[in-house]
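A.B. asks: Let me give you the structure first, and then I'll get to my questions.
Read the figures in this text as sums done on the coordinates, not as results from a lab. On a predicted model such as this, the values are computed, not experimentally measured, just so you know. Because the Cβ atoms are built from the backbone with ideal geometry, glycine has one as well, and the counts that use them run over all protein chains shown.
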Amino acid sequence: MVALWLIAGGCRPRSRPVGGWGDWRGPNRDGISPDLPTRLPSEPTFLWRRKLTARGVGALAATDTCVIVSDKDVPGEAAANDVWRCLDAATGRQLWTLSYPAAGEMDYTNSPRAAAVIDGQRVYLLGAFGDLHCVGLDHGRVIWNCNFRETFVPELPTWGYCGSPLIVDDKVVVSTCAPDAALVAMDKKTGKVVWQTPGERPGYGAMILGTFGGVRQIVGHDRHTLGGWDPGTGRRLWTLKPPEPNDFNVPTPIDLGDGRLLVATENNGTRIYAFGADGTITPEPTALNEDLLPDSSTPIVLDGRVWGAGTEGACCLDLDDDLKTVWMVEGEPFDDYASFIGGNGRVLIVATDGRIALMPSRPAPADRPAWVQVFERTGSFEPEVWSYPAIVGNRLYLRSRNEIVCLLLNGK
């Protein structure tokens, strides 16, 4: 699957509300937006379009004034530098860039995979080769930076660092390949290491912050297991190894908001877990669905339904009926990846072939997407829309293999 390991994710750090769409999958890392319309224009209306230099899969981040997108200095594996571009939200005009050396071969492009994370007037930018920068949102100048290969260990994950940094209180939490620093918390203002904890190499999704079993904890995947960590000390609280091995561990777990956790991967299906009073996970899931098998697409939860796409197609599951499949479409354009944003009783679907559609959050079995084509095929090249979009107000920001666009959702 093209770029299947590259799209990182997350869920709800509720203690840190952020305006706009300043994190992976939005301010709560849950893919839910109050700005989603109840219908789409029949034809796309562009406020602006801007060409990008190289292919990329990193998610977009945006506020009401700016959009941040990752890029490279030249196309292809000859690219020697990562380039982060901050664009004016109203015009697409470039406001600032951050460029630094990031050369090397890597499958599915060597561009950054993680979303920019906006925290107040600071932005945290993580490249695939382990370059973490904290820069000023207004000017893009570096406040502090850390290179994981120099600071922790020279090795890289096979498909690069993918998990978007997680802001927890006054810390920024990241995963590295170092056995003695598998999870690291840094002071978000200075970059100084606050704690580090041993463990396995990272997975390819982001961590989340939630309260489970009454215990506030960081939850996410490493290379082979799911785990929970104390956000104050980094101590590992529990470990869950699923029955089927070899998940890529890209989709990010979802905090259901009631003390339960939803997890979805390609070999173990979509399942719900409960927790004990001590905050440790109960190993046997309370519900399991084997229709939704995502290797890279993180689901969303809205109005008692779970929406996602995986190796079997796109699915909608009933959260309150043991994850029963209530709607499904097999094959293209859902046989690789899709992005989902929910809100206002609707679900926006973004397919990799450059189409978007709006569905009711609780669909009838016969409902099918009414597609609007945003990106056209160029010569022999497909649009390849792997980047998770951003939505702020009436504006939807989408990235194809070589372009970023701003769509007006009300058509004007």
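A.B. asks: Starting from the 7 Å offset along Cα-to-Cβ, what nm value, one decimal, do you get for the label separation of MET328 and ASP278?
C.D. replies: Spacing of the two 7 Å Cα→Cβ label points: 3.9 nm.
A.B. asks: Also, I was wondering about something else. Counting other Cβ atoms within 10 Å, keep those with at most 15, restrict to DSSP loop, and tell me which GluC sites (Glu not before Pro) in segment 81-185 are left.
C.D. replies: Sparse-neighbourhood loop GluC sites (Glu not before Pro): GLU105, GLU155.
A.B. asks: If the reach is capped at under 12 angstrom between alpha carbons, list the aspartates and glutamates near LYS188, excluding any in the same chain fewer than eight residues apart.
C.D. replies: Straight-line reach from LYS188, under 12 Å: ASP119, ASP169, ASP170.
A.B. asks: In deg cm²/dmol and to the nearest 500, what is the mean residue ellipticity at 222 nm of the chain if only DSSP H runs of at least 4 residues count, each as -39500 (n - 2.57), divided by the residue total?
C.D. replies: 0 deg cm²/dmol
A.B. asks: What's the exposure ranking of TRP84, TRP307, going from fewest to most Cβ atoms within 10 Å?
C.D. replies: Ranking TRP84, TRP307 by Cβ neighbours within 10 Å, fewest first, gives TRP84, TRP307.
A.B. asks: While we're on this one: Subtract the Cα-Cα distance of VAL153 and ASN267 from 0.36 nm times their separation in residues, and report this length gain in nm to one decimal.
C.D. replies: 38.1 nm
A.B. asks: Something else now. Report, in debye and to the nearest 20, how large the dipole of the chain comes out about its Cα centre when Lys and Arg carry +1 and Asp and Glu carry -1 on their Cβ.
C.D. replies: 1340
A.B. asks: Check GLY228: other-chain or 5+ apart residues with amide H under 5 Å from its amide H, H built from backbone geometry?
C.D. replies: Counting only residues 5 or more places away or on other chains, the set is LEU237, TRP238.
A.B. asks: For segment 141-155, take each phi angle, set θ = phi - 60°, evaluate the Karplus expression 6.51 cos²θ - 1.76 cosθ + 1.60, and give the result in whole Hz per residue in order, putting x for glycine and proline.
C.D. replies: 6, 6, 8, 7, 8, 8, 9, 4, 5, 8, 8, 10, 7, x, 5
A.B. asks: A further question follows. What is segment 273-412 by shape, rounded, prolate or oblate, if you read a ≥ b ≥ c off the alpha carbon gyration tensor as root eigenvalues and call it rounded for a/c under 1.5, prolate for a/b larger than b/c, and oblate otherwise?
C.D. replies: Prolate is the answer for segment 273-412, as a/c is 1.5 or above and a/b outweighs b/c.
A.B. asks: Using Cβ contacts closer than 10 Å as the measure, can you line up VAL74, VAL69 from fewest to most?
C.D. replies: VAL74, VAL69
A.B. asks: For a test of the definition: using alpha carbon positions, the gyration tensor, and the 1.5 limit on a/c, classify segment 338-412 as rounded, prolate or oblate.
C.D. replies: oblate
A.B. asks: Shape of segment 46-408 from its Cα gyration tensor (a ≥ b ≥ c, root eigenvalues): rounded if a/c is under 1.5, otherwise prolate when a/b > b/c, or oblate?
C.D. replies: Oblate, since a/c reaches 1.5 and b/c is not below a/b.
A.B. asks: Right, next: Arranged by the count of other C-beta atoms within 10 angstrom, fewest first, what order do VAL350, VAL57 take?
C.D. replies: With the fewest neighbours first, VAL350, VAL57 line up as VAL350, VAL57.
A.B. asks: Taking the Cα-to-Cβ direction at ARG93 and at ASP170 and moving 7 Å from each Cα, how far apart do the two end points lie in nm?
C.D. replies: My value for the distance between the label points is 3.9 nm.
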